[in-house]
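Since the structure comes first, as structure tokens, the remarks are kept for the end.
The values are calculated or read from the model by the stated rules, or taken from the named source; none is laboratory data. This one's a predicted model, so the numbers in the text were calculated from it and none came from an experiment. Neighbour counts run over all protein chains shown; Cβ positions are idealised from the backbone, glycine included. With ligands, DNA and RNA removed, areas are computed over all heavy atoms of the protein, side chains included. Shrake-Rupley method; radii C 1.70, N 1.55, O 1.52, S 1.80 Å.
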Amino acid sequence: MAHITSFTVENFKRFEHFEMQNIGQFNLIVGDNNVGKTSVLEALLVEKSAAVTRYNLLKVLTEYRGIERLRESFLRSFVRRGAWMLENTEISYDDNFKIAFIPENGHGYVWRENGIESDFDVSNDRAIKFDGTLRFDGTGIVHVPFIPFFLGYSKDLALAYSSYVQQNKETKQTILAAMRTIVPQIEDLEINVAIAEEPTIVVWQLNEKEPMSLATFGDGTLKLLRVLLNLLIHKKERLMIDEIDAGIHTSRLHQYLKSILDIASNLGVQLFMTTHNWECLEAFKEVLEEPEMQEFQTRARCFNLAQMPDGSVKSYCYDFDDFKYAIEAPFDPREVWG
């Protein structure tokens, strides 16, 4: 999947019309609470396959929002309330990919990609229960390229670690080196089948005689490993991370972000990351100023989402030089953010 450089949505959640231009490889999205940062990440879950898009959006509602049962008309959760069943909901990338959810007969939606309709009917409003291990075409679990601001330990971590790390010594060393930014004494990560009813990840630390379950570690450790595994899973694709700094102590932010950007660059992953913490913005700038990271500056962007007087949301794009100026400004930085 090629990296996108522009993005437009119509009638999606709180957005009547919203667009982002001049998108880079490493995109940090900031803005006030409830301005739509997470909604941008969710809109980016749309894929050319109607089946994969349906899966992505269902997973957000069920596993990430905690809704156990929902109606097949779940799409109303992603459509702007004023447009429900009245107007098309459209998402487009780079002017060469455009999809639309088209109201049909006042009670359902169909999927249309460049004028060709696909099966995305949600008019049958029966209750459904989403199976998070849903499989397509025998290819295994579909991994959604979205990491919510907090997600504790779950079996998908062991599955992904076994599939993408365990069998490759070089990859494993890369992951361990990155994990030491949060757990300096970590020596190894292994899959263990003895301490739980299903395979789980255990952590070996220097000078410790027994391993500890990864589930017993803090939120930051779980967040970092989940990000690293998703970078491997979504190689040469895009990955959306809500509250990239959630659970990470400020003293660890610099090395944490540096590891993520470095691995994302090597794997060709396009990142969309939200934050509302000033410390994260400062760390992002400082990482990009390091000599070995300066080549990333041309690929980095910061987008500030601001609500206009009429209730619409506008996106302001800052390249690295503008972003740096805003961070270092000797006055209230909110005046610089437009």
#### Entry: the stretch 157-209 - percent of accessible surface contributed by carbon and sulfur, probe 1.4 Å
46
## Note on the structure
The FRET efficiency for F97 and K236, from their Cβ-Cβ distance with R0 = 22 Å and rounded to 0.05, is 0.85
### Query
What is the stretch 40-89 by shape, rounded, prolate or oblate, if you read a ≥ b ≥ c off the alpha carbon gyration tensor as root eigenvalues and call it rounded for a/c under 1.5, prolate for a/b larger than b/c, and oblate otherwise?
oblate
### Task
Give, in nm to one decimal, the length gained when the segment between S251 and A194 is fully stretched (0.36 nm per residue of separation minus the Cα-Cα distance).
17.0 nm
### Query
Rounded to the nearest 10 Å², what accessible area does Y318 show when all protein chains are kept and the probe is 1.4 Å?
20
### Message
Probe of 1.4 angstrom, ligands and nucleic acids ignored: what's the accessible area per residue over the stretch 201-338, in square angstrom?
### Response
45
### Query
What FRET efficiency comes out for the pair D322/K48, r = Cβ-Cβ distance, R0 = 35 Å, nearest 0.05?
0.60
### Query
For R81 and A306 in one chain, what is 0.36 nm times their gap in residues minus the Cα-Cα distance, to one decimal in nm?
79.0 nm
### Query
Which order do R226, R299, R180 take when ranked by solvent-accessible area (1.4 Å probe, heavy atoms of all protein chains), largest first?
R180, R299, R226
## Note on the structure
Applied in sequence order to the stretch 167-178, the curve 6.51 cos²θ - 1.76 cosθ + 1.60 (Karplus, θ = phi - 60°) yields integer Hz couplings, x standing for Gly and Pro, of 9, 10, 4, 5, 5, 4, 5, 5, 5, 5, 4, 5
## Note on the structure
Surrounding charge for F7, neighbours by C-beta under 13 angstrom, Lys/Arg +1, Asp/Glu -1, total -3
### Query
Ordering H276, H17 by how much accessible area each has at a 1.4 Å probe, largest first, what is the list?
H276, H17
### Message
Residue by residue through the stretch 253-261, what is 3J(HN,Hα) from phi via Karplus (6.51 cos²θ - 1.76 cosθ + 1.60, θ = phi - 60°)? Round to whole Hz and write x for glycine and proline.
### Response
4, 4, 5, 4, 5, 4, 4, 5, 5
### Task
Express in Å², to the nearest 10, the accessible area of T250 obtained by rolling a 1.4 Å probe over the protein heavy atoms while all chains stay in place.
80
### Query
Of the listed peptides 198-210, 20-32, what is their order by residue-averaged count of other C-beta atoms within 10 Å, with the highest listed first?
20-32, 198-210
